[in-house]
Amino acid sequence: MTCLYDDFAIECFEAGRNLWHARIRRADHGPLVIDGVSFPLLEVGFAWPSVQAATADAKSHIDRFGLRWAAGRQGAAAARLAAAV
């Protein structure tokens, strides 16, 4: 199960009976950048009892860190713009 939220894709999966986890990746499939290190995706949270709980936890992570995770893309765009001037 995958849903889009604020330019990120959240994929929930069941790792065991009623043990739901979530993966976050950018919707454009670019890397998540954390302290200068890029990751293709990020698994967050705990083993939640439902898909809704896992999704809510992933959304709270995106709300908290989303702009920083996409900083690599914005930094590259700013660099291209500066080079064009």
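No lab work stands behind these numbers, since they all come straight from the coordinates. This structure is a prediction, so every number in the text was calculated from the model and none was measured. Every residue, glycine as well, gets a Cβ built from its backbone with ideal geometry; the counts of neighbours run over all protein chains shown.
What net charge do the residues around THR2 carry, taking every other residue with its C-beta under 15 Å from that of THR2, with Lys and Arg at +1 and Asp and Glu at -1?
-2
Defining a contact as two alpha carbons under 8 Å apart and six or more residues distant in sequence, what relative contact order in percent does the stretch 1-67 show? Walk me through the numbers before you get to the answer.
Details: 117 pairs, mean separation 19.2, N = 67.
Relative contact order for the stretch 1-67 comes out at 29 percent.
May I ask you to evaluate 6.51 cos²θ - 1.76 cosθ + 1.60, the Karplus curve with θ = phi - 60°, for each residue of the stretch 50-64 and list the ³J(HN,Hα) values in order in whole Hz, giving x for glycine and proline?
Ordered by residue, 3J(HN,Hα) equals 8, 4, 4, 5, 5, 5, 4, 5, 4, 4, 5, 5, 5, 4, 7 Hz.
In a shell of Cβ-Cβ distance under 14 Å around ILE62, excluding ILE62 itself, what net charge do Lys and Arg (+1) and Asp and Glu (-1) give?
0
Run a plain Debye calculation on the stretch 1-57 (Cα atoms as equal point scatterers, no solvent) and give log10 I(q)/I(0) at q = 0.12, 0.19, 0.20, 0.24 Å⁻¹, rounded to two decimals, same order as the q list.
For the stretch 1-57 at q = 0.12, 0.19, 0.20, 0.24 Å⁻¹, log10 I(q)/I(0) is -0.27, -0.64, -0.69, -0.90.
Roughly what would the spin-label model give for ALA27 and PHE46, points 7 Å off Cα along C-beta, in nm?
With each label placed 7 Å out from Cα toward Cβ, I get 3.0 nm.
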